[in-house]
Structures are given as structure tokens and as C-alpha cells.
Amino acid sequence: MAEPAAKPAIEGELVWQYFGRRNDGFFIDVGANEPKAGSQSWLLEQQGWSGILVEPLSRLCAKLRIERLRSRVFQVACGAGGHPAEMPLFVAEARSKSSLAKHLIEAGTKYVATEMVKVMTLDEILEEEGNPCVDFVSIDVEGTQMEVLRGFSLERHHPGLVLIEDHLHNLSVHRYLSKEGYRLVKRTGLNNWYVPKQSQFELSTGGERIRLWKKVWANTPFRKLRVFLEHRRAARQNGESHA
């Protein structure tokens with residue numbers, strides 16, 4: 001069964017609440033997509049925050065530049081260090097599922113076009129912006145989270161909250177962030193919340209923490225097997241259709 005998406009307004013309100021409802025701060029939104037609908041950073045910008053919006057799709061970047069005036073838009077995809085200057089972006093029928101790699105999340109995703117996009121690391125983007133103090137980072141990149149994280153120095157920038165979409169097909173992202181000094185404290189929809197290990201976090205109940213443990217540790221092996229079987233079935237059907 002698919003996991004329900006969190007309501008953006010509620011999720012955004014919780015993020016703002018975590019930061020004490022401050023009217024200033026700096027965010028990075030990687031995979032920004034639509035300017036307002038489903039945005040992890042729009043509410044913060046409404047409250048006086050500013051930030052960086054990273055979005056590789058040209059059509060969406062044009063909308064972001066018109067509607068998100070307190071943020072700087074980078075029309076790039078994020079990668080790890082040593083990345084090529086450009087990479088093909090596979091544009092999905094549902095634009096929010098576009099990615100640098102096909103079928104990382106869903107075997108049945110339909111792709112309708114390909115765009116060559118510039119690639120930068122998050123560290124390179126922040127350096128171009130003057131290395132601002134980063135409070136909040138949201139990452140939604142349809143399966144290439146590890147590449148984004150490998151191009152971002154958490155030790156140097158040390159954001160107070162990292163919100164990352166993770167379908168939990170494996171635990172690579174979780175283990176990486178744990179190794180980097182962050183702990184998982186909450187999950188809203190498909191988004192895992194990570195804060196520095198020494199930070200206090202009071203926005204989750206005991207029941208939520210039990211469900212989170214079950215989601216991450218108990219269910220991931222079964223989810224991993226299901227995804228493997230779905231991809232194998234899709235590959236077999238694709239082979240038969242070309243026979």
C-alpha cells in the first residue's frame with residue numbers, strides 16, 4: 001500500500017514551529033518543483049525567510065522565478081563531487097517524478113522527454129551564494145538523495161533540520177545521516193526528519209516514535225523485496241513487449 005503524502009500546509013507549519021516560528025532564516029529546497037503547491041519552503045518564505053530553490057526543469061524554474069521572489073533559483077540538478085558538467089534529466093509524465101536516473105522509485109513511471117541539465121554540488125551552489133548560514137534543507141529528488149548528500153558538507157554547514165524524501169527501499173540514506181551526526185526524529189508522509197544528535201526535538205509523540213521504528217527497521221526488508229520483485233516483473237514484461 002502506498003504511503004499517504006503529508007499535507008504541505010501542516011508539514012510546513014510543523015517545520016516553522018520547530019524553528020520557534022522565527023520570521024527570519026535561510027533554507028535550501030532541492031527539487032523545489034512547484035512554487036507553492038506541495039512546497040516544503042513556501043510557508044517559511046511567507047514568514048520572512050529567504051533561500052535557494054534548486055530545480056532542473058526549465059518550465060518549473062520559470063514559474064519559481066516569478067512566484068518566489070525572496071529566493072534565488074538555480075536551474076541545475078544536484079550531484080556528488082566529481083560529477084559531469086551536464087547530465088540527462090528524464091522528464092516524467094508526472095513532472096514531480098522526473099529524475100537523473102529512471103525507475104529508482106517506481107518501475108512503472110512513464111517518461112515523456114529528456115532534458116540536458118547542468119549539474120552542481122550543493123557545496124558549489126552555496127559557495128556561489130556566498131556560503132550563507134543554512135537553517136533548513138529539504139531534499140526531494142526521486143531516488144538520488146545519496147548523490148545530493150555526498151555533494152553537501154553537513155559538518156561545515158550543519159543545518160538545524162534536514163527533511164528528506166525517502167521511500168525507504170533501503171537504509172543507505174539513514175545510515176549516512178546517522179554517521180554524519182544526525183538522528184531521525186519524525187516522519188511526515190514520505191519525508192524523514194533529521195536533526196543534529198545533540199538537538200532537542202519535541203514534535204513527536206511516543207506512539208509516533210514506535211511507528212517510525214517499525215517503518216524504518218521492521219518493514220524495510222519486506223519493502224526492499226517488494227520493490228525488487230516489481231522491477232523484475234517490469235523488466236520481464238518490457239522484454240516480452242519487445243520480443
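We did not get these values from a lab; they are worked out from the coordinates using the rules stated. The model shown is predicted, which means the values in this text are computed figures rather than measured ones. Virtual Cβ from ideal backbone geometry, glycine too; neighbours counted across all protein chains shown.
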- Message: Give me the count of lysine pairs in region 51-140 whose alpha carbons sit under 18 angstrom apart, restricted to pairs 8 or more positions apart or on different chains.
- Response: 4
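Would you mind ranking ILE164, ILE28, ILE210 so that the residue whose beta carbon has the fewest other beta carbons within 10 Å leads the list? Don't jump to the answer; show the numbers that get you there.
Values: ILE164 23, ILE28 28, ILE210 10.
Ranking ILE164, ILE28, ILE210 by Cβ neighbours within 10 Å, fewest first, gives ILE210, ILE164, ILE28.
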- Item | Taking THR144, THR220 and counting other C-beta atoms within 10 Å, the order from fewest to most | THR220, THR144
- If you look at just the Cα atoms of the chain, how large are its Rg and its Dmax in Å? 17.9, 60
- Inverting the mean 1/r over all pairs of different Cα atoms, compute the Kirkwood radius of region 168-243 and quote it in Å. 14.5 Å
- Percent relative contact order of region 8-241, based on C-alpha pairs within less than 8 angstrom and at least six residues apart? 15 percent
- Message: How would VAL141, VAL117 line up from fewest to most surrounding beta-carbon atoms within 10 angstrom?
- Response: VAL117, VAL141
- Under 13 Å from the Cα of LYS197, which aspartates and glutamates turn up, not counting those fewer than eight places away in the same chain? GLU155, GLU180
- Give a quick list of trypsin sites (Lys or Arg not before Pro) in region 137-243 that DSSP marks as loop, anything other than H, G, I, E or B, with at most 12 other Cβ atoms within 10 Å. LYS197
